[in-house]
């Protein structure tokens with residue numbers, strides 16, 4: 001056996017050099033880092049349990065106990081429902097006062113034109129005349145004609161009136177602006193449909209009084225006016241601005257204190 005010369009040499013596995021770029025080196029470093037992290041996490045967890053033993057497991061281990069949270073939420077909902085039942089019971093003792101307030105509110109809303117109304121009434125349709133041999137101004141429906149018809153309807157017992165879809169209220173303006181008529185500052189044109197709620201027969205008879213606006217229009221051209229008694233009409237609610245900008249109501253609380 002040649003142990004000194006040029007013969008083959010046997011290498012020891014413990015003397016093998018690991019290159020930094022080799023896979024063995026990478027796996028070794030990764031295993032070392034993971035081992036350190038696991039050890040650190042275990043020590044930290046043990047310290048946490050010793051330092052804050054009074055906290056629940058959901059906090060100590062960094063997770064949420066969903067089931068416990070749901071149970072707490074259900075208990076809160078149950079408590080809120082119990083409070084709601086108490087409020088409803090308290091409100092039921094004042095049902096008479098509440099109903100009185102609601103009836104008064106509806107009454108004032110109707111009077112102000114803020115509520116759509118339905119009932120029997122009279123439908124008037126005013127049209128421009130195409131009849132030959134009359135003055136052009138006489139055959140056109142003017143704002144004054146509409147205003148006079150509306151006044152006669154109120155005087156005949158109308159409960160609510162609308163003109164081409166515009167509810168007539170206390171602040172309604174009926175006026176000509178150029179070639180059009182404005183109702184509540186909304187331009188409209190002929191034919192003018194006037195819906196009036198009330199007793200149809202009373203309204204019809206009131207509009208046929210001698211010397212009234214209907215008689216004058218029909219004297220120019222009978223086709224300018226059409227009146228229909230209907231068992232059911234609907235007038236829309238007022239859709240314009242109703243809140244005052246400059247005027248204010250008296251302070252009721254001060255009046256109550258003085259009285």
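The values are calculated or read from the model by the stated rules, or taken from the named source; none is laboratory data. Computed from a prediction, not measured in an experiment: that's the story for all the values here. Note that each Cβ is placed from the backbone with ideal geometry, even for glycine, and that neighbours are counted across all protein chains shown.
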| said: Step by step: first the residues of the range 131-154, then only those that are surrounded by fewer than 17 Cβ atoms within 10 Å (Cβ to Cβ), over 19 Å from residue 182 (Cβ atoms) and in contact (Cβ under 8 Å) with a residue 24 or more places away in the chain, then the one that is farthest from the chain's Cα centre (by Cα). Which residue is that? | reply: 134
| Of the residues 165, 121, 206, 157, which is closer than 21 Å to residue 237 by Cα, buried (at least 20 other Cβ atoms within 10 Å of the Cβ) and touching a residue at least 40 places away in the same chain (Cβ under 8 Å)? | 121
| field | Residue that is modelled with the highest pLDDT, among those in the range 218-259 that are surrounded by 10 or more Cβ atoms within 10 Å (Cβ to Cβ) and farther than 27 Å from residue 128 by Cα | value | 237
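Can you confirm whether the range 210-220 contains a residue that is more than 32 Å from the chain's Cα centre (by Cα) and assigned to a strand (DSSP E or B)? Spell out how you get there, then give the answer.
Just the residues of the range 210-220 that are more than 32 Å from the chain's Cα centre (by Cα), to begin with: 210-220.
Filter again for assigned to a strand (DSSP E or B), leaving none.
No, the range 210-220 contains no residue that is more than 32 Å from the chain's Cα centre (by Cα) and assigned to a strand (DSSP E or B).
Show me the strands (runs of 3 or more DSSP E) found entirely inside the range 99-190 where at least 1 residues are touching a helix residue (DSSP H, G or I) at 6+ places or on another chain (Cβ under 7 Å) and in the same structural domain as residue 229 (by TED's automatic domain parsing). Before the answer, list the steps.
On the way: elements: 117-126, 160-163, 174-177, 180-183, 186-188.
Strands (runs of 3 or more DSSP E) meeting the threshold: 117-126, 160-163, 174-177, 180-183.
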